[in-house]
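Chemist: Shown below is the structure under consideration.
The values are calculated or read from the model by the stated rules, or taken from the named source; none is laboratory data. Keep in mind that this is a model prediction, so the values were computed, not measured. Cβ sites come from the backbone with ideal geometry, for glycine too, and all protein chains shown count toward neighbours. What goes into the accessible areas is simple: the full protein's heavy atoms, side chains included, and nothing from ligands, DNA or RNA. Shrake-Rupley method; radii C 1.70, N 1.55, O 1.52, S 1.80 Å.
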Amino acid sequence: MASVEPGSTALTYASAGVDTEAGDRAVELMKASVKRTQGPEVLGGLGGFAGLYDASFLTSYRRPLLATSTDGVGTKIGIARALDIHDTIGIDLVGMVVDDIVVCGARPLFMTDYIAVGKVVPERIAAIVSGIAKGCELAGTALVGGETAEHPGLMAADEYDVAGAATGVVEADDVLSPERVRAGDVVIGLASSGMHSNGYSLVRSVLKLAGWSLERDVPELGRTIGEELLEPTRIYTADVLAAAQALGGQLHAVSHVTGGGLAANLARVLPAGTSAVLDRSTWSPQPVFDLLMKLGSVPLADAEGTFNLGVGMVLVVDPAAADRTLELFAGRGLPAWVLGQVGNHDGSAAEGTVQGTKGVDGGAVRLVGNYRA
């Protein structure tokens, strides 16, 4: 092995911009929050090469199917960085991942995260992970491991990005899918907490065009625009699983309203030959959506194809179960209402009809009427 010549400059990993000691301090700071997500099924602790999860309970399943999902939070991270608030973005990450899994009826079991940074700041990493842990607690999902990677020279010192992946399980006979949906089924919407984690490239463009700072106080929001935009994504996992248990076979399909908006995501879980008509007058989107549309002169079609507009999750249920579904969510403190109904599609392409999104040859969805003031 070559030795350093006397008088020459020695290059080290630290001088190249990677601080392994800072990484170790970050792990120490996050240990307590991660531990709160773990039950007896999680074996070992932080620092191992892989997270271990005791899956022996799967022997009680007739035909267990594993479900997996991975996601990030997009450019919402830019808002967190600008405001130097990092303890909520992890909640968004968990919501984006686990609520994609619960759509098929699966219970998310465990999750891992990946954080890429320009420079490891232990307190910031711990804040991010505390949000991820909080989200996992809300979802009833164990956080079993993760990775923090320092990328000096590729990312600025204050830059970071987060991603995560989760695995869940569902009994094969209980999988929610388009095949269960029938004409006459009722479509029920679950309220979002606000912007969630989609459409932030458009949001940031609107604010830039308007010359608004994130610290601008907005009376109709009751807080600054930055605080509104950082509102964490609502996590629906426990609520949807409770509905699946209570309704059994009367719950036919679930859709997570993320990128693409309400119609495009609902169309993915409807079978070809069906069409859902949703009535805008059944709900009023939160003030932030109207504010952004007016501020940026955003066309309605663009807003509906980008934002959730107040609906974060959708359930398709047997009409006989509609009232019971609404009562269930009312008891859980989650606003829910009837959005519309599924019918047979006549093949026409009426204005505003959305079909064939994200590569899925599914049903059609059309929004009618005007939003409630």
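Chemist: Across region 328-373, what is the number of residues that are part of a loop (DSSP other than H, G, I, E, B), closer than 25 Å to THR233 by Cα and more than 22 Å from the chain's Cα centre (by Cα)? So that I can check it myself, show each step before the final result.
Modeler: Keep residues of region 328-373 that are part of a loop (DSSP other than H, G, I, E, B), which gives 332-335, 345-353, 356-363, 369-373.
Within this subset, residues satisfying the condition of being closer than 25 Å to THR233 by Cα are 332-335, 357-358, 371-373.
Subset that is more than 22 Å from the chain's Cα centre (by Cα): 371-373.
Adding up the residues that qualify gives 3.
Chemist: Out of all the residues in region 147-162, which are in contact (Cβ under 8 Å) with a residue 60 or more places away in the chain, under 19 Å from GLY74 (Cβ atoms) and either open to solvent by 20 Å² or more (accessible area, probe 1.4 Å) or touching a Pro at 6+ places or on another chain (Cβ under 6 Å) (or both)? Can you show your working first?
Modeler: Keep residues of region 147-162 that are in contact (Cβ under 8 Å) with a residue 60 or more places away in the chain, which gives 148, 150, 152-153, 158-162.
After this cut, where a residue has to be under 19 Å from GLY74 (Cβ atoms) as well, the list is 158-162.
Passing the criteria: ASP158, GLU159, ASP161.
Chemist: Still on this structure, I have one more. Run down SER213, SER201 and say which single residue is polar (S, T, N, Q), under 22 Å from GLY259 (Cα atoms) and open to solvent by 40 Å² or more (accessible area, probe 1.4 Å).
Modeler: Values: SER213 fails: under 22 Å from GLY259 (Cα atoms).
On inspection, the qualifying residue turns out to be SER201.
Chemist: Still on this structure, I have one more. Suppose the filter is modelled with pLDDT of 95 or more, open to solvent by less than 40 Å² (accessible area, probe 1.4 Å) and more than 22 Å from PRO271 (Cα to Cα); does ALA330 pass it? Give the derivation first.
Modeler: Numbers: modelled with pLDDT of 95 or more: yes; open to solvent by less than 40 Å² (accessible area, probe 1.4 Å): no; more than 22 Å from PRO271 (Cα to Cα): yes.
In short, no.
Chemist: Select from region 292-302 the residues that are touching a residue at least 24 places away in the same chain (Cβ under 8 Å) and surrounded by fewer than 18 Cβ atoms within 10 Å (Cβ to Cβ) and list them in ascending order. Break it down stepwise before answering.
Modeler: Kept after step one, since they are touching a residue at least 24 places away in the same chain (Cβ under 8 Å), are these residues of region 292-302: 292, 295-296, 298, 301-302.
Matches in region 292-302: LEU295, ALA301, ASP302.
Chemist: For THR325, all conditions in the list (1) more than 20 Å from LEU367 (Cβ to Cβ); (2) among the hydroxyl-bearing types (Ser, Thr, Tyr); (3) part of a strand (DSSP E or B) hold save one; what is the number of the exception?
Modeler: (3)
Chemist: I'm told ARG223 meets every condition in (1) open to solvent by 10 Å² or more (accessible area, probe 1.4 Å); (2) in contact (Cβ under 8 Å) with a residue 12 or more places away in the chain except one. Can you identify the failing condition by its number?
Modeler: Of the numbered conditions (1) open to solvent by 10 Å² or more (accessible area, probe 1.4 Å); (2) in contact (Cβ under 8 Å) with a residue 12 or more places away in the chain, the odd one out for ARG223 is (2).
Chemist: For region 129-141, indicate whether the set of residues that are open to solvent by 20 Å² or more (accessible area, probe 1.4 Å), outside any helix (DSSP H, G or I) and either more than 26 Å from PRO335 (Cβ to Cβ) or aliphatic (A, V, I, L, M) (or both) is non-empty. Full working, then the answer.
Modeler: Step one: of region 129-141, the residues open to solvent by 20 Å² or more (accessible area, probe 1.4 Å) are 130, 134, 137-138, 140.
Filter again for outside any helix (DSSP H, G or I), leaving 140.
Filter again for either more than 26 Å from PRO335 (Cβ to Cβ) or aliphatic (A, V, I, L, M) (or both), leaving none.
Within region 129-141 (the criterion being open to solvent by 20 Å² or more (accessible area, probe 1.4 Å), outside any helix (DSSP H, G or I) and either more than 26 Å from PRO335 (Cβ to Cβ) or aliphatic (A, V, I, L, M) (or both)), the answer is no, since none of the residues qualifies.
Chemist: Same structure again: Within region 170-181, can one find any residue that is under 22 Å from the mean Cα position of the chain (by Cα), open to solvent by 20 Å² or more (accessible area, probe 1.4 Å) and small (Gly, Ala, Ser)?
Modeler: Checking region 170-181: at least one residue is under 22 Å from the mean Cα position of the chain (by Cα), open to solvent by 20 Å² or more (accessible area, probe 1.4 Å) and small (Gly, Ala, Ser).
Chemist: What are the pairs, 6+ residues apart or on separate chains, where a residue within region 67-85 that is touching a residue at least 24 places away in the same chain (Cβ under 8 Å) and charged (D, E, K, R) has its Cβ under 6 Å from a residue that is buried (at least 16 other Cβ atoms within 10 Å of the Cβ) and part of a helix (DSSP H, G or I)?
Modeler: ASP71/MET96; ASP71/VAL97; LYS76/TYR200
Chemist: Among the residues of region 262-294, how many are charged (D, E, K, R) and within 21 Å of LEU202 (Cβ to Cβ)? First the steps, then the outcome.
Modeler: Quick first cut of region 262-294, residues charged (D, E, K, R) only: 268, 279-280, 290, 294.
From what's left, within 21 Å of LEU202 (Cβ to Cβ): 280, 290, 294.
Qualifying residue count for the region: 3.
Chemist: Moving on to the next point. Restricting attention to region 145-180, which residues are among the hydrophobic types (A, V, I, L, M, F, W, C) and either in a helix (DSSP H, G or I) or closer than 24 Å to ALA330 by Cβ (or both)? Quick ask: steps written out before the conclusion?
Modeler: If we filter region 145-180 for residues that are among the hydrophobic types (A, V, I, L, M, F, W, C), which is where we start, we get 149, 154-157, 162-163, 165-166, 169-170, 172, 175-176.
Once the filter is applied, which keeps residues that are among the hydrophobic types (A, V, I, L, M, F, W, C) and either in a helix (DSSP H, G or I) or closer than 24 Å to ALA330 by Cβ (or both), region 145-180 yields ALA172, LEU176.
Chemist: Can you tell me which residue is surrounded by the fewest Cβ atoms within 10 Å (Cβ to Cβ) among those in region 334-364 that are modelled with pLDDT of 95 or more and of a type in the set (Val, Ile, Thr)?
Modeler: VAL338
Chemist: Can you find a residue that is within 20 Å of LEU138 (Cβ to Cβ), out of contact with any helix residue (DSSP H, G or I) (no Cβ under 8 Å at 6 or more places or on another chain) and open to solvent by 20 Å² or more (accessible area, probe 1.4 Å) anywhere in region 249-266?
Modeler: Taking every residue of region 249-266 in turn, none turns out to be within 20 Å of LEU138 (Cβ to Cβ), out of contact with any helix residue (DSSP H, G or I) (no Cβ under 8 Å at 6 or more places or on another chain) and open to solvent by 20 Å² or more (accessible area, probe 1.4 Å).
Chemist: Here's something else I'd like to know. In region 226-246, which residue that is more than 15 Å from the chain's Cα centre (by Cα) and open to solvent by less than 10 Å² (accessible area, probe 1.4 Å) is farthest from PRO287 (Cα to Cα)? Full working, then the answer.
Modeler: Step one: filter region 226-246 for residues more than 15 Å from the chain's Cα centre (by Cα), giving 226-228, 241-246.
The next check asks that each one be open to solvent by less than 10 Å² (accessible area, probe 1.4 Å); those that pass are 226, 243.
Numbers: GLY226: 14, ALA243: 29 Å.
That would be ALA243.
Chemist: Sticking with this structure for a sec: Which members of region 43-62 meet the condition of being in contact with a helix residue (DSSP H, G or I) (Cβ under 9 Å, 6 or more places away or on another chain) and either modelled with pLDDT of 80 or more or charged (D, E, K, R) (or both)?
Modeler: Going through region 43-62, the residues in contact with a helix residue (DSSP H, G or I) (Cβ under 9 Å, 6 or more places away or on another chain) turn out to be 45-47, 61-62.
Once the filter is applied, which keeps residues that are in contact with a helix residue (DSSP H, G or I) (Cβ under 9 Å, 6 or more places away or on another chain) and either modelled with pLDDT of 80 or more or charged (D, E, K, R) (or both), region 43-62 yields TYR61, ARG62.
Chemist: Among the residues of region 303-326 satisfying the criterion of being of a type outside the set (A, V, I, L, M, F, W, C) and surrounded by 16 or more Cβ atoms within 10 Å (Cβ to Cβ), which is nearest to ALA183 (Cα to Cα)? Walk me through how you get there before you give the answer.
Modeler: Keep residues of region 303-326 that are of a type outside the set (A, V, I, L, M, F, W, C), which gives 304-306, 308, 310, 312, 318-319, 323-325.
Now drop any that are not surrounded by 16 or more Cβ atoms within 10 Å (Cβ to Cβ), which leaves 304-306, 308, 310, 312, 318, 325.
Working: GLU304: 24, GLY305: 25, THR306: 27, ASN308: 25, GLY310: 25, GLY312: 23, ASP318: 10, THR325: 18 Å.
Among those residues, the one meeting the criterion is ASP318.
Chemist: Identify, please: which residue in region 79-125 is in a loop (DSSP other than H, G, I, E, B), at pLDDT 95 or above and β-branched (Val, Ile, Thr) and is, among those, surrounded by the fewest Cβ atoms within 10 Å (Cβ to Cβ)?
Modeler: Going through the qualifying residues, I end up with ILE85.
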